[in-house]
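Reading through the structure tokens given below for one structure.
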Amino acid sequence: MQKEKAKKYCLITNDVETTSLWNHELSDKTGEKVLKEGMPILLESYEKYNIKATFYFTGYIANLYPEIVKMILPYGHEVACHGLTHESDKAFDNLSLDEQVYDLSKAKEILEKISNREVISFRAPALRVNQYTPLALEKTGFLIDSSVSPQRMDMFLSFGSFNKLKWITAPRTHYMTSNNNLAKKGSSGIFEIPILAAFFPYTGTMMRISPFITNLTRFILIKESEIFKRHLVFLIHPNELIEEEITVNKINRRSKNYLTYLISDKLRYHLKLKNLGRKAVILFNSQLAYLNKKNYVFITSKDYYFLNKSTLNETISKES
């Protein structure tokens, strides 16, 4: 694929899992609603704007509902990996190298068996990674990561915030990562596609919490992309587009630290309840319409990798 400098590229990315935002828990019933309601809404919107998107599936939801993977194939979307599970205690920043290799191998096997396609793109659940992740990705045949969000400063609302401090100095365009740090340039075989932020991230969550801040962030990122020829990434979850009955009586505590519980569990839960369901669909479609009007070319992570990999390798060779 020839690189065309005049084009502006936007990657619409979807993290597909069984998380119930309404009840702050992982739920198979939520996974079923994502399959039957959330995914069809996304696919309809993408078809309307001729969007080729990347879907990062957990191995768990793919194994539970294989049709959720199969349904994107006729549209030309990319099947990508979101790890084996979204359980907080099994996040990648908690896992050893061997544990990450097992997780990635198993998830990759599930997705490739269902889709009959090679899976080379990865995004960590909750964007939580550690020093072993680049090597684990290489060992398991992945070529692309999108788990780093440069200069994003809302990480303190999520778990793994200490490791996410590395985002502050991360490059703001695609790069080959370090062998032990996805947020740093290096000579590994992993191509990083950063999720750009302007203090706040360009995501479905922020879109729902504050449409005004999201539109301001979008304005900044678009100006940056036009000046420096950088990509845009929008991250959304199909579980944001569904509606569920709230059954939770008490917020599940996932940390022994009380302050972390207050911020990353209680406060985050209430913020994430804003504008779910039909309201989120309206907000998201307005984002797609705006980006389409701005003449962005919607591209998958895999296609973006092949578009830029050769040029990036030439640059690395000259520098060394």
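The values are calculated or read from the model by the stated rules, or taken from the named source; none is laboratory data. Computed from a predicted model, the values in this text were never measured in an experiment. Heads up, the Cβs are rebuilt from the backbone with ideal geometry, glycines too, and the neighbour counts pull from every protein chain shown. The area values use the complete protein model at the heavy-atom level, side chains included, leaving out ligands, DNA and RNA. Shrake-Rupley method; radii C 1.70, N 1.55, O 1.52, S 1.80 Å.
Measuring from centroid to centroid over Cα atoms, what is the spacing of region 37-110 and region 197-221 in Å? A separation of 24 Å, based on Cα centres. Put simply, the amide H of residue 130, placed in the peptide plane, has no neighbours under 5 Å, leaving out anything fewer than 5 places away on its chain. Please name whichever of 57, 225, 196 sits farthest to the positive end of the charge dipole of the chain, dipole taken about the Cα centre and charges placed at Cβ: Lys and Arg +1, Asp and Glu -1. Of 57, 225, 196, it is 225. Given the Cα-Cα distance of residue 248 and residue 289 and 0.36 nm per residue of separation, how much length would full extension add, in nm? Roughly 11.2 nm would be gained on extension. Convex hull volume per residue, computed on the Cα atoms of region 157-228, equals 98 Å³. Max-minus-min Cα coordinates of region 1-147 on each principal axis give 42, 41, 27 Å, with the largest extent listed first.
Is there a quick way to get the dipole size of the chain? I mean about its Cα centre, with the Cβ of Lys and Arg at +1 and of Asp and Glu at -1; what is the value in debye to the nearest 20? Walk me through the numbers on the way to the answer.
On the way: 44 positive and 34 negative charges, 220 e Å.
Roughly 1060 debye, rounded to the nearest 20.
Under the simplified labelling scheme, the residue 210-residue 227 pair shows an inter-label distance of 2.1 nm, with each label point 7 Å from Cα along Cα→Cβ. Between residue 37 and residue 187, what is the FRET efficiency for a Förster distance of 45 Å, r being their Cβ-Cβ separation, to the nearest 0.05? The formula returns an efficiency of 0.55 here. Note on region 57-127: percent of Cα-Cα distances in each 10 Å bin, starting at 0 and stopping at the bin with the largest distance, equals 22, 54, 21, 3. Looking at region 18-143, the accessible area is 41 square angstrom per residue; that uses a 1.4 Å probe and ignores ligands, DNA and RNA.
Surface composition of the chain: carbon plus sulfur atoms hold 53% of the accessible area, using a 1.4 angstrom probe and ignoring ligands, DNA and RNA. Annotation: peptides 77-85, 7-15, 279-287, ranked by per-residue average of other Cβ atoms within 10 Å with the highest first, follow the order 77-85, 7-15, 279-287.
For region 178-184, backbone phi angles converted through the Karplus equation (6.51, -1.76, 1.60; θ = phi - 60°) give residue-by-residue couplings of 5, 5, 9, 7, 5, 8, 9 Hz, Gly and Pro being listed as x. Rounded to the nearest whole Hz, the Karplus-based 3J(HN,Hα) values (6.51 cos²θ - 1.76 cosθ + 1.60, θ = phi - 60°) of region 135-150 follow the sequence 5, 4, 5, 5, 5, 9, x, 7, 10, 10, 10, 9, 10, 10, 10, x, with x at glycine and proline.
Arranged from highest to lowest average of other beta-carbon atoms within 10 Å per residue, in what order do the peptides 168-174, 66-72, 130-136 appear? Numbers along the way, then the final one.
Numbers: 168-174: 15.7, 66-72: 17.9, 130-136: 21.1.
Going from most to least packed, we get 130-136, 66-72, 168-174.
So if I average 1/r over every pair of distinct C-alpha atoms in region 67-220 and take the inverse, what Kirkwood radius in Å does that give? Could the numbers behind the result be given before it?
Numbers: mean 1/r = 0.0621 Å⁻¹.
About 16.1 Å, per the Kirkwood formula over Cα pairs.
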